[in-house]
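The values are calculated or read from the model by the stated rules, or taken from the named source; none is laboratory data. Note that this is a predicted model, so its numbers are computed, not measured. Quick reminder, even Gly has a Cβ in these numbers, built from the backbone with ideal geometry, and neighbours come from all protein chains shown.
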Amino acid sequence: MPILVIEDEPKTGDYLQRGLAESGFAIRLARNGRDGLALAFEGEIELIVLDVMLPRMDGWQVLEALRANPATAQIPVLFLTARDEVQDRVRGLELGADDYLVKPFAFAELVARIRTLLRRGPVREDALIRIGDMEIDVFRRRVRRGAVTIALTAQEFGLLHLLAQREGQVLSRSLIASHVWDMNFDSDTNVIDAAVRRLRRKIDDPFEQKLIHTRRGMGYVCQAQPAATA
Amino acid sequence: MTGRLRHSLALRIGAMFVLVVVLAAAGLATYLYRAFVAEIERRDDLQLLGKLRQVQILLGRPGAAGLLHTRPDFFRDTMSGQENSLVRFVAANGTVLADINAAGERYPVPPSAGPAPQRASIASWTSRAGDPGRAVAGSARLDNGRLTVVVARVYGERSAMFARYRVRIAAAAAVSALGAALLAALLLLRGLRPLRVVAEHAALVRPGTLAQRLEVEDAPSELRPLIDAFNAMLARLQEGYARLSGFSADLAHEFRTPVANLLGQSQVMLAQPRTAADYEGLIASNIEELERLARMIDSMLFLARAGQDEVVLARQPREALEELRKMADFFESMAEERALRMTCAGDGTVLADPALLRRALANLLSNAVRHAAAGSTIELRARQYAGGTELSVCNDGVPVAPAHLTHLFERFYRADSARSDAQGSTGLGLSIVRAIMDLHGGTAAVHADGAHIRFTLAFPER
């Protein structure tokens, strides 16, 4: 089922449509609140990405209308706002939004949030994760590549586990900081880069096949296939 | 009118002043009138008693009894010669021996008060014409017998005089009250002129004229506190305004570099056909610049909100050492790359918003890891003091001149311009630290001893 994006800003609408489509989602795009609501009422919508500042009918009104209609009341809504005011966030969540992002946001962050809302994000809860020749024993906190056992610090293991659980997904630095260190603010990004470099020295450097890849300007991804861009 | 009264100081003070003057004038007039009346009455009474005394003396002379029978009015005439003097002689058995009473007045005969009556024995009565009268009776000897002498008087001209005096004194009081009111109005207008001057000056204050101050020299002493307070307010406004406009200028300046990079490198790249790798490189580079801009905007918004006290704190008690360890853990990889060691020590509980506490500590550590001498140790310490808990981050690095030290917490202030484009640095980190500490009612301080620099965050207990 498609994701409905309701966004009036032309460039934002375009890149959201393109980016989400390339991330494997089917997309419907509405350029204003009325059209968006009409599309939502037609049915078959899995999730709505809703901009708050919309002409004619603003995001709050759209959200209220969606929640008031039994057919659309259950659709998860992620709202986008340029105003990072506490009362805005509170209002959105009170009106029944499921999550929000403040503009400007990292695209990878948006994809990660959408995946979480759809519970589709291949977050692997397995006790044993295999990527390429790497084996992660989650409970014993042990990592092997082929026959070689790799000793990791708790921090390194946490980082690797996060990347491996979301195999193939690009994880932004802020998401990594938030999940591994519980640092929920835009911190010094070099910290994450340094942490990934250290992890790579143990996981990738001694081996032919690289598993952790940099997506420049986006973040990091863990996968067996060589990345399209290094 | 009540509205104007309430709002106009001059009217209010004027009205109160007039009221006071009227009351004072009325009081004074009443007092003067009463005193005047009492004095006149006293004098008249003494005269009346004097007359009685004269009659008594006359009666003591030889041959007085015959004279009383033949020429009774002699007594009256010798007394004062006034028509309105009444005299009556009453024998011990009640017989009226003589009654000098031309107008036929009826007046009460007071009981005899003996040979030497006092004022208290004088009785009041009213004449047929309605004028006040006074009468007194005393005893006298005549030949070998005793008789009672009654002396009375009507004070017709005195009532008229009192009436005239009343009118004049009332008129004088009214005129003086009116004059005082006019004078008060005039004085108030003059006296309140400094207030109008202050108002006129205040009306001229514009963002561009904040440097001007009101004159204190000529102002009356009552207005000086007001003018001083006003001038102090102007000074604060001027400072705040200067800081704001300086900040806006800095901000525009700081935005220029990333925007110039974005614009320049994109235009160069588009000028000729390039390989896909080139384009990718450009976009990635653009993203880095944009992330920097986004971080700056985020920091700016945070500072703006903190300055407006719009940040809501969710204070929780936190183990200080635990927070320091977490932070050290976060920065461990980065420190390792520069061969830095990090140590955590101390104890205490910090009452702070956890997210903001971490943000402040992260900004300090980010600086420390960047500027510490390679191979040195960064010390994180927690210490309880009377009234709160103190967290400090110390490192050895390039010495910072004392002149720079006090400015370190200012927005966009960089001690070393060569470091200005340190990756990821927005120049706002330390000002955010200070804003966070202000929000907590605490302080952020820096001390330097040669190459050793220590940042201290003091969180109060409440």
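Being surrounded by 19 or more Cβ atoms within 10 Å (Cβ to Cβ) and under 26 Å from B:Ala328 (Cα atoms), is that true of even one residue in segment A:109-125?
Looking through segment A:109-125, at least one residue is surrounded by 19 or more Cβ atoms within 10 Å (Cβ to Cβ) and under 26 Å from B:Ala328 (Cα atoms).
Could you figure out which of (1) over 30 Å from A:Val62 (Cα atoms); (2) within 14 Å of chain B (Cβ to nearest Cβ) isn't true of A:Arg141?
The failed condition is (2).
Select from segment A:177-194 the residues that are hydrophobic (A, V, I, L, M, F, W, C) and at the interface with chain B (Cβ under 7 Å from one of its Cβ atoms) and write down the one among them that is surrounded by the fewest Cβ atoms within 10 Å (Cβ to Cβ).
Result: A:Phe185.
Looking at the structure I just gave you, is B:Ala328 in contact (Cβ under 8 Å) with a residue 40 or more places away in the chain, surrounded by fewer than 20 Cβ atoms within 10 Å (Cβ to Cβ) and outside the structural domain of B:Ala249 (by TED's automatic domain parsing)?
Working: in contact (Cβ under 8 Å) with a residue 40 or more places away in the chain: yes; surrounded by fewer than 20 Cβ atoms within 10 Å (Cβ to Cβ): yes; outside the structural domain of B:Ala249 (by TED's automatic domain parsing): yes.
Here the answer is yes, as B:Ala328 does meet what is asked.
With respect to A:Leu163, determine if the residue is closer than 27 Å to B:Leu301 by Cβ and more than 8 Å from every other protein chain (Cβ to nearest Cβ).
Numbers: closer than 27 Å to B:Leu301 by Cβ: no; more than 8 Å from every other protein chain (Cβ to nearest Cβ): yes.
Taking the combined requirement at face value, the residue does not satisfy it.
Answer yes if at least one residue in segment B:299-306 is within 30 Å of A:Tyr220 (Cβ to Cβ) and at pLDDT 90 or above, and no otherwise.
No, every residue in segment B:299-306 fails to be within 30 Å of A:Tyr220 (Cβ to Cβ) and at pLDDT 90 or above.
Considering (1) out of contact with any Cys (no Cβ under 7 Å at 6 or more places or on another chain); (2) more than 11 Å from chain B (Cβ to nearest Cβ); (3) crowded, with 19+ Cβ neighbours inside 10 Å, say which one A:Ser174 fails and leave the rest.
Exception for A:Ser174: condition (2).
For B:Ser159, which of the numbered conditions (1) at pLDDT 85 or above; (2) surrounded by 12 or more Cβ atoms within 10 Å (Cβ to Cβ); (3) in a helix (DSSP H, G or I) fails to hold?
Against the list (1) at pLDDT 85 or above; (2) surrounded by 12 or more Cβ atoms within 10 Å (Cβ to Cβ); (3) in a helix (DSSP H, G or I), B:Ser159 comes up short only on (1).
Among the residues of segment A:173-202, write down those that are part of a helix (DSSP H, G or I), touching a Lys or Arg at 6+ places or on another chain (Cβ under 7 Å) and aliphatic (A, V, I, L, M).
The answer is A:Ile192, and nothing else.
So that you can scan it fast, the table gives a plain yes or no per residue for (1) at pLDDT 90 or above; (2) within 15 Å of the chain's Cα centre (by Cα):
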site: A:Gly168; (1), (2): no, yes
site: A:Ile176; (1), (2): yes, yes
site: A:Trp181; (1), (2): no, no
site: A:Val196; (1), (2): yes, no
site: A:Arg201; (1), (2): yes, no
site: A:Asp204; (1), (2): yes, no
site: A:Cys222; (1), (2): yes, yes
site: A:Thr229; (1), (2): no, no
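Return the residue satisfying two criteria in turn: it lies in segment B:196-248 and is among the acidic types (Asp, Glu) and surrounded by 11 or more Cβ atoms within 10 Å (Cβ to Cβ), and of such residues it is nearest to B:Arg411 (Cα to Cα). If you could, list the steps in order and put the result at the bottom.
Going residue by residue through segment B:196-248, those that are among the acidic types (Asp, Glu) are B:200, B:215, B:217-218, B:222, B:228, B:239.
From what is left, the residues that are surrounded by 11 or more Cβ atoms within 10 Å (Cβ to Cβ) are B:215, B:228, B:239.
Details: B:Glu215: 35, B:Asp228: 30, B:Glu239: 15 Å.
Looking at residues that are among the acidic types (Asp, Glu) and surrounded by 11 or more Cβ atoms within 10 Å (Cβ to Cβ), I get B:Glu239.
Kindly evaluate B:Ala260 against the criterion of being within 14 Å of another protein chain (Cβ to nearest Cβ) and either surrounded by fewer than 17 Cβ atoms within 10 Å (Cβ to Cβ) or modelled with pLDDT of 90 or more (or both).
In short, no.
Residues B:Pro62, B:Pro108, B:Pro72: which one is touching a Leu at 6+ places or on another chain (Cβ under 9 Å) and either at pLDDT 80 or above or in the same structural domain as B:Arg128 (by TED's automatic domain parsing) (or both)?
Values: B:Pro62 fails: touching a Leu at 6+ places or on another chain (Cβ under 9 Å); B:Pro108 fails: touching a Leu at 6+ places or on another chain (Cβ under 9 Å).
Only one candidate qualifies: B:Pro72.
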